[in-house]
């Protein structure tokens, strides 16, 4: 490996801290040159197409485009190492298809093994790899998403149909499924729900909210350019959109 040029790597992860940590670990190996990084998968996709990349380190669950949607759109060439928190379906699929992944938080020893595998494939034909990536994406799209949420009280469990949920809200160290008429406390974190809800329906619009795009009625921008979502519920609820999520929301709604 020392006789060869460093692996040229591009990193895409919508969480800036995770992106920074992975970049630091890769740089510490002395085996990788980071040629670019992005927190927006759409921007990352455009950048990867414009530079020479040996390996793409790619998060799975991101707003706008999932990691698998990015893979389906990248030009031929880069190897792909997915990163994931704890998506059990993904891990099983990776193992079956012999593609590499990194489980967050990434460990240095595991990263070294991934680099060994990528280096061994470097310069070889990529048709079989891309075919396997396609099969992997198909498998994971077939994995079932939640069709209801469970809200527990002292004496019962209430099942809430996903279609009735206008948005999911994290506040005061708890997570709530919000419907047109009530809020229901859940036993799962917002991050876990983001992994288990269909990304075609639910989109993170700020640090504490996943919105059901089917319930979005209007978008409003104030004089400063700050964007607000107005829902279709009777109270016309308004939700704030963080600046780094505006583009993904507009993409999802066909406005960009």
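Can residue 102 be described as in a strand (DSSP E or B), modelled with pLDDT of 80 or more and assigned by TED's automatic domain parsing to the domain that holds residue 56?
Judged against the criteria, residue 102 is a match.
Mind checking whether some residue in segment 198-218 is out of contact with any helix residue (DSSP H, G or I) (no Cβ under 6 Å at 6 or more places or on another chain), part of a helix (DSSP H, G or I) and within 22 Å of residue 63 (Cα to Cα)?
The answer is yes; a qualifying residue exists.
Limited to segment 219-228, what total is found for residues that are assigned to a strand (DSSP E or B) and surrounded by 13 or more Cβ atoms within 10 Å (Cβ to Cβ)? Spell out the reasoning first.
Of the residues in segment 219-228, the ones assigned to a strand (DSSP E or B) are 219-221, 227-228.
So of that shortlist, the ones also surrounded by 13 or more Cβ atoms within 10 Å (Cβ to Cβ) come out as 219, 227-228.
Looking only at that region, the number is 3.
Can you tell me how many residues within segment 183-197 are surrounded by fewer than 20 Cβ atoms within 10 Å (Cβ to Cβ) and part of a loop (DSSP other than H, G, I, E, B)?
3
Taking residue 174, is it more than 17 Å from residue 248 (Cβ to Cβ) and touching a strand residue (DSSP E or B) at 6+ places or on another chain (Cβ under 6 Å)?
For residue 174, the condition - more than 17 Å from residue 248 (Cβ to Cβ) and touching a strand residue (DSSP E or B) at 6+ places or on another chain (Cβ under 6 Å) - is met.
Between 90, 9, which is at pLDDT below 85 and either under 24 Å from residue 190 (Cα atoms) or not in a helix (DSSP H, G or I) (or both)? Steps first, please.
Numbers: 9 fails: at pLDDT below 85.
Residue meeting the stated conditions: 90.
Give the residue that is surrounded by the fewest Cβ atoms within 10 Å (Cβ to Cβ), with candidates limited to residues of segment 67-81 that are part of a loop (DSSP other than H, G, I, E, B) and modelled with pLDDT of 80 or more.
Of everything passing the filter in segment 67-81, 74 is surrounded by the fewest Cβ atoms within 10 Å (Cβ to Cβ).
Taking segment 244-256, which residues are in contact (Cβ under 8 Å) with a residue 12 or more places away in the chain and loosely packed, with under 14 Cβ neighbours inside 10 Å?
253, 255
Just to check your reading of the model, which residue among 28, 23, 46 is more than 21 Å from residue 68 (Cβ to Cβ) and exposed (fewer than 13 other Cβ atoms within 10 Å of the Cβ)?
28
Please go through (1) closer than 15 Å to residue 165 by Cβ; (2) out of contact with any helix residue (DSSP H, G or I) (no Cβ under 8 Å at 6 or more places or on another chain); (3) outside any strand (DSSP E or B) for residue 250 and return the number of the only condition it doesn't satisfy.
(1)
Which condition number does residue 65 fail, the rest of (1) under 19 Å from residue 196 (Cα atoms); (2) free of Cβ contacts under 8 Å to residues at least 12 places away in the same chain being met?
All conditions pass for residue 65, except number (2).
Of 180, 150, 137, which residue is farther than 30 Å from residue 26 by Cα, at pLDDT below 90 and surrounded by 14 or more Cβ atoms within 10 Å (Cβ to Cβ)?
None of the others qualify; the one that does is 150.
The values are calculated or read from the model by the stated rules, or taken from the named source; none is laboratory data. Since this is a predicted model, take the numbers as computed values, not measurements. Heads up, the Cβs are rebuilt from the backbone with ideal geometry, glycines too, and the neighbour counts pull from every protein chain shown.
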